[in-house]
Amino acid sequence: MYKGQVSLGPEDVQRARQLADRIRARFARTLVGQGNLRESLITTMVAGGHILIESVPGLAKTTAAQTLATSVSGTFKRVQCTPDLMPSDLVGTQVFDFATQKFATRIGPIHANFVLLDEINRSNAKTQSAMLEAMAEGATTIGGERIALPRPFMVIATQNPIEEEGTYNLPEAQMDRFTMKAVMSYPSAAEEADMLKLLTRRGSDTPDYAALDQDRISVRDVEFLRAAARKVHVSDAIMGYAVDLAATTRGAGSHPLQGLSSLVRLGASPRASIALTRIGQANALLAGRDYVIPEDVRAWAHEVLRHRVILTFEALADGVSSDQVIDNVVKAVPVP
């Protein structure tokens, strides 16, 4: 146990599960299927991280993000990213007040508990750098003044992988700030039929989030979940497992992969092992445990590593995906 860390009580673990079940119940009323995405969003929130969601249009990325954000009584802002979106549109700016003859700071939409950045890769590099500062520092700078972001703070970003015109690829430094990258797939025929039934019963194509207010949890509840997750015990063996997974993507680790250098140009940074540990703690808490087991880390290896493993041009030309590389990494690293 970490020095100064207070262990979790059974009532804390039970309360955490109850809060998570309330959020899941809200998802059941707004979304059909997409269980992996739901758990990715909840686990990332509890771990205190940010998430990037990638899929083709029409798979309810925005609906899922709004469902999580509106399940908490905190503030929520949505930003539709475009190439002409400027940092001041996101962060805020100083406006001259003629009544007082002074400049007044007008904060932007990034100053919210939950921020949905829709189609983040449509924003230009200058705006992306402002997003990076907010995600990395938990604060923004307006007119030389540093303004702290509210707590809790979580960025939920979406991007469309099939359109390249008018898009700017996220730099590796910003990709690394996302705790997880979730990739959505098409629903099954049964799930699509259930979706149509839900829309027919509801009488509207978009959920009425205001009608779901009774299911909301408080900002204090989220802070409790995050604090509780940090108290979940992580053994030295589990931390070593997380480090080994990240190191193996860099060509090191206890069981280096042969030929990895021809596939991977840049492996996962130490932020990956931190993310694996934090996600493992959150997953354990949501599963009703006060200690992390290897499966808590292993289960989220793809989501945590896929955007941190940069492939070579040769691998991309051969149709190799980062998920395939991570499959080999997970198989090679022995489970403690």
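The values are calculated or read from the model by the stated rules, or taken from the named source; none is laboratory data. Quantities reported herein were computed from a predicted structural model and do not represent experimental measurements. Reconstructed Cβ throughout: ideal geometry from the backbone, glycine too, with neighbour counts over all protein chains shown. Protein only, heavy atoms only, side chains kept; ligands, DNA and RNA dropped before computing areas. Shrake-Rupley method; radii C 1.70, N 1.55, O 1.52, S 1.80 Å.
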Distant-in-sequence amide H partners of F103 (H built 1.01 Å from N, under 5 Å): D97
Distance (nanometres) between label positions extended 7 Å along Cα→Cβ at A28 and E314: 5.1
Selected from A189, A252, A242 as most flexible by GNM, with the chain as the system and alpha-carbon contacts under 10 Å: A189
Pairs from K77/K126; K102/K126; K126/K331; K77/K181 whose Cα-Cα separation, in the structure shown, is over 30 Å: K126/K331
With DNA, RNA and ligands ignored, accessible area of K102 (1.4 Å probe; Å², nearest 10): 140
Å² per residue, accessible surface of the chain at 1.4 Å: 47
Portion, in percent, of the accessible area of the chain that falls on carbon or sulfur, probe 1.4 Å: 52
Whether the range 116-157 is rounded, prolate or oblate, judged on the alpha carbon gyration tensor where a/c under 1.5 counts as rounded: oblate
Among beta bridges that DSSP assigns inside the chain, antiparallel share in %, nearest 5: 40
Prolate/oblate/rounded call for the range 1-64, Cα gyration tensor, a/c under 1.5 rounded: oblate
Cα gyration tensor shape of the chain, rounded if a/c is under 1.5, else prolate or oblate by comparing a/b with b/c: rounded
Amide H contacts under 5 Å for H233, placed H, 5+ residues apart: Y291, V292
